[in-house]
Amino acid sequence: MSKKRYSSSKIIEMLTEIFERFPGIGKKTANRFAYHLIQKDVKTMEKFIEIFELIKDNIKECSLCHNISETNPCHICSDKHRDGSIICVVETIKDINSIERSGKFRGRFHVLKGVISPIMGIHPKDLTIADLTARVKKNPEIKEIIIATSPTTEGEVTANYIKKVFSGSEIKLTRIAYGVPVGSELENIDEVTLFKAFEGRKEF
Ligand SMILES: [Zn+2]
């Protein structure tokens, strides 16, 4: 960033805009965060900068599955012991952690980076669906896609869209269903329920 001089109100405005991009943060809260941050001492600021530098230098997005890891491909994509014939499609990288904790799934993942939501202006092209189809085309070993989007309206719309994309192909499409409460986000579901959801997945 340039060393241009900005007024404090402009900086508050810029900070607010950044915080507003955080999930679940509205303008009011974002503005509160901005005021909180701007009053911090130099030492705290330096700590922030240090952490951001760490993120920039150490965190990489996997070019195959869009997971976040220290390496590209990520530790899951490069793990030879995982089953490369099954891909589990999730909304966010947080969902990978939830599923990994359940210990049931030994395949690989694909992170959509969101869900289709016309109201929020999020369309299929904004997600990584095109990457998923390219990935499947390039890897004949992939036999099954488990759609593990949340059982919310947007999650269902996204699941149906993916189903349409792969209709007529050889790929077996399944959807986790059993035991997952309707309307809940995947990350809020406990491991046992998630474990059962995988066992009880149905042809989709
Ligand atoms: Zn990966």
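Overview of results
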| item | result |
| --- | --- |
| Share of alpha-carbon pairs per 5 Å distance bin for segment 67-185, given as whole % | 2, 11, 21, 27, 21, 13, 5, 0, 0 |
| Rh (Kirkwood; distinct C-alpha pairs) - segment 13-110, Å | 16.1 |
| 10 Å-binned pair-distance histogram of the chain (Cα, whole percent) | 8, 29, 30, 19, 11, 3 |
| On Cα atoms only, tilt of 8-20 relative to the major axis of the chain in degrees | 10 |
| Accessible area per residue, Å², segment 8-58 with all protein chains present, probe 1.4 Å | 84 |
| Peptides ranked, highest mean first, by Cβ atoms within 10 Å: ranges 166-174, 91-99, 194-202 | 91-99, 194-202, 166-174 |
| Listed residue pairs exceeding 30 Å between alpha carbons, taken from Lys125/Lys202; Lys4/Lys43; Lys60/Lys196; Lys28/Lys104; Lys80/Lys163; Lys3/Lys125 | Lys60/Lys196; Lys28/Lys104; Lys3/Lys125 |
| Kirkwood hydrodynamic radius over Cα pairs of segment 8-58, then Stokes diffusion coefficient at 25 °C and 0.890 mPa s, in µm²/s | 210 |
| DSSP bridge orientation in segment 68-203 - percent antiparallel, rounded to nearest 5 | 20 |
| Residue-averaged 222 nm ellipticity for the chain, from DSSP H runs of 4+ at -39500 (n - 2.57), nearest 500 | -13000 deg cm²/dmol |
| Accessible-area value, Phe19, 1.4 Å probe, nucleic acids and ligands omitted, Å² | 30 |
| Accessible-area order (highest first, 1.4 angstrom probe) of the listed residues Val89, Val136, Val42 | Val42, Val136, Val89 |
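The values are calculated or read from the model by the stated rules, or taken from the named source; none is laboratory data. Every value quoted in this text rests on a predicted model; they were computed, and no experiment measured them. Using ideal geometry, Cβ is built from the backbone for each residue, glycine included, and neighbour counts are taken over all protein chains shown. For accessibility, only protein heavy atoms count, side chains too; no ligands or nucleic acids. Shrake-Rupley method; radii C 1.70, N 1.55, O 1.52, S 1.80 Å.
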